[in-house]
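Only one structure is covered here, and it is reproduced in the block below.
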Amino acid sequence: MSYVAHDASTLVPPAEVGEVELYHPKTFVGKYIWSQDAKIIAIQYAVTAIGIGLVALVLSWLMRLQLGYPDTFSFIDPSNYLQFVSMHGMIMVIYLLTALFLGGFGNYLIPLMVGARDMVFPYVNMVSYWVYLFAVVLLVASFFVPGGPTGAGWTLYPPQAILAGTPGATWGIILMLVSLAFFIIGFTMGGLNYVVTVLQARTRGMTLMRMPLTVWGIFTATILALLAFPALFVSAIMMLFDLLLGTSFFMPAIVSMGQQVEHAGGSPVLFQHLFWFFGHPEVYIVALPAFGIVSDLISVHARKNIFGYRMMVWAIVIIGALSFIVWAHHMYVSGMNPYFGFFFATTTLIIAIPTALKVYNWVLTLWRGNIQFTVPMLFAIGFVFTFINGGLTGLFLGNPTVSVPLSDTMFVVAHFHMVMAIAPILVVFGAIYHWYPKITGRMLDDTMGKFHFWITFVGSYAIYYPMHYLGMMGVPRRYYAIGGTDFITESAHSVNVAITIASLIVGAVQVVFLYNLVWSYFRGKPSGGNPWNATTLEWQTPDTPPTHGNFGPTLPLVYRWAYDYSVPGAKQDFIPQNVPPEKP
């Protein structure tokens, strides 16, 4: 009895379309600044996203200093604190994670993993980055305008977002909303590129069910974003009209600062629906690429094929579809009809089913695998633990009877950060450690990497586990200072001090990561073309780093799926996708 590798076939269908001629720049500016090469654009996205993310990290330090040591720092007043909260949240969710997963990893990995020369529309791809950069510049400019950036909270709820008395209620909120609009325009250019490239530019033999799960995650997340971002776009434009033109889309008749405002008839709850119709798919716009990347990291570094590949693909697709019918579980305290609360609580529990299937499949992939505790694998396993922990607290907040008393407490902050901050950031780090050798041709330092992982992982739990306790105690979120509130015990202040110290340590250790990136670029050990012995096409390029066009004179042919590891009878413990089956 002979063993046949999964999905291996000698049949490769003929090409349906000819190759597109690439643009070959002749100057430094054309190659590295106004670049049309998806790999260069990916690095531009990543550097910009990490740069603005570091700004948000500093803002989080300032917030924690105030909460841990109130009345100590004179430069942090209540208005500044609200501005720090608002800008930190928006930068991390939109300008860092979304841009990094889709613009960074999407641009670099999609063409390489599907066997394409480049994105289908290279010029549009280049413009998408510069529109994103312009959006980031507008956002940063809000720190320097009269009144400073908006302090309305990262969700930008009207009416307070545009009423006098809210920090940054004029120029701050205007720049925020215009920046969001440009971000969405830029993303739409890039997103259409990702979708069309996956559907139309795959190499011969690369069927949809042979694509790596990383591509499936980014592809599905891009479709979600193309459908969800318009809700945020129109809400930003409508709020700008309310502020600048005096319309009343979201502004009811209201008295502000003792004066009757000139608005009437608007609905603040309408904005909440539009925002969260975007906002909950946004969770999966970040999570689905992370799911795909983690699947690939676990398979490669456990030397074992992914368990239940088709189930994993369909789980990604089903999660994406269900993400559009759960948004109002963020709005239980808005006064909705209890029957609506029941509906959204039910859909929230239903979406947990395909998500749990993915967790089971990751664990079963690890089961009896030849696990290599490399730095990428450590971050992948750390993600699985963290996502399980964050998901369990999500079951509490998905239930209206539990969510209502907890909704304005630090419990929500702890849950949100475990699921939407720490978990995806662990994936970002794991992915960078994994693909850095392909990008630069050099390995990152292993000792610095493991030090970075353990301090980040343990420190993150030291920050957010105690925060659940604060939430159960009733400590409110977004408050500048707790003061002598009777129902909050003295232990809450001690816990806040401990959380602040942990957050400062975790933030500081990221300097080690940044130093490792720079040091290894010049002094790191040469990686070779395939240091992890991986099967996917990006590791089979003739050059490392890949040159313009990716695959040399001829594109690879794909004969099998992306997960042929430890195949019985094979000469090596991996069989690349472009290796044909052996003839009997």
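What helices (runs of 4 or more DSSP H) lie completely within the range 16-117 and have 3 or more residues being open to solvent by 10 Å² or more (accessible area, probe 1.4 Å) and out of contact with any helix residue (DSSP H, G or I) (no Cβ under 6 Å at 6 or more places or on another chain)? Output list reads 38-68, 78-90.
If the condition is being of a type in the set (Ser, Thr, Tyr) and part of a helix (DSSP H, G or I), then the range 168-209 contributes Ser179, Thr188, Tyr194, Thr197. The set of residues in the range 535-577 being within 17 Å of Leu297 (Cα to Cα) and modelled with pLDDT under 90 consists of Ser566, Asp573. Taking every residue in the range 514-538 that is open to solvent by 10 Å² or more (accessible area, probe 1.4 Å) and pairing it with any residue that is basic (Lys, Arg), at least 6 positions away or on another chain, the pairs with Cβ-Cβ distances below 7 Å are Tyr521/Arg442; Lys525/Arg442; Pro526/Arg442; Ser527/Arg442. Is it true that some residue in the range 41-62 is among the polar types (S, T, N, Q), more than 28 Å from Ile110 (Cα to Cα) and touching a Leu at 6+ places or on another chain (Cβ under 9 Å)? Checking the range 41-62: not a single residue is among the polar types (S, T, N, Q), more than 28 Å from Ile110 (Cα to Cα) and touching a Leu at 6+ places or on another chain (Cβ under 9 Å).
Take the residues in the range 163-192 that are under 16 Å from Asp242 (Cα atoms), open to solvent by 20 Å² or more (accessible area, probe 1.4 Å) and not aromatic (Phe, Trp, Tyr), then tell me which one is farthest from the chain's Cα centre (by Cα). Within the range 163-192, the match that is farthest from the chain's Cα centre (by Cα) is Ala164. Hey, any hits in the range 137-151 for a residue that's assigned to a helix (DSSP H, G or I), under 30 Å from Trp561 (Cβ atoms) and open to solvent by 30 Å² or more (accessible area, probe 1.4 Å)? No, there is no match, as no residue in the range 137-151 is assigned to a helix (DSSP H, G or I), under 30 Å from Trp561 (Cβ atoms) and open to solvent by 30 Å² or more (accessible area, probe 1.4 Å). Condition test on Gly165, is it over 21 Å from Ala287 (Cα atoms) and touching a strand residue (DSSP E or B) at 6+ places or on another chain (Cβ under 8 Å)? Criteria met by Gly165. In the range 393-402, what residues are assigned to a helix (DSSP H, G or I) and of a type outside the set (A, V, I, L, M)? Thr393, Gly394, Phe396, Pro400, Thr401, listed by residue number. Where residues in the range 484-503 are open to solvent by less than 60 Å² (accessible area, probe 1.4 Å) and touching a residue at least 24 places away in the same chain (Cβ under 8 Å), which of them is nearest to the chain's Cα centre (by Cα)? Of everything passing the filter in the range 484-503, Ser503 is nearest to the chain's Cα centre (by Cα). State all residues of the range 63-92 that are acidic (Asp, Glu) and over 14 Å from Arg478 (Cα atoms); if no residue qualifies, say none. Within the range 63-92, just Asp71 meets the criteria. If only residues of the range 562-582 that are closer than 19 Å to Ala201 by Cβ and open to solvent by less than 10 Å² (accessible area, probe 1.4 Å) are counted, the one that is nearest to the chain's Cα centre (by Cα) is Ala562.
Residues that are in contact with a helix residue (DSSP H, G or I) (Cβ under 6 Å, 6 or more places away or on another chain), open to solvent by 20 Å² or more (accessible area, probe 1.4 Å), of a type in the set (Val, Ile, Thr) and over 17 Å from Ile50 (Cβ atoms) are absent from the range 432-451. In the range 455-491, what count of residues is obtained for those that are closer than 23 Å to Leu392 by Cα and hydrophobic (A, V, I, L, M, F, W, C)? The qualifying residues number 9. Filtered by the rule that a residue be at pLDDT below 95 and polar (S, T, N, Q), the range 514-532 gives Ser527, Asn530.
The values are calculated or read from the model by the stated rules, or taken from the named source; none is laboratory data. Everything numeric here is computed off the predicted structure, so don't read it as measured data. Neighbour counts are summed over all protein chains in view; Cβ atoms, including those assigned to glycine, are modelled from backbone coordinates with ideal geometry. We work out accessible area using only protein heavy atoms, side chains counted, and drop any ligands, DNA or RNA first. Shrake-Rupley method; radii C 1.70, N 1.55, O 1.52, S 1.80 Å.
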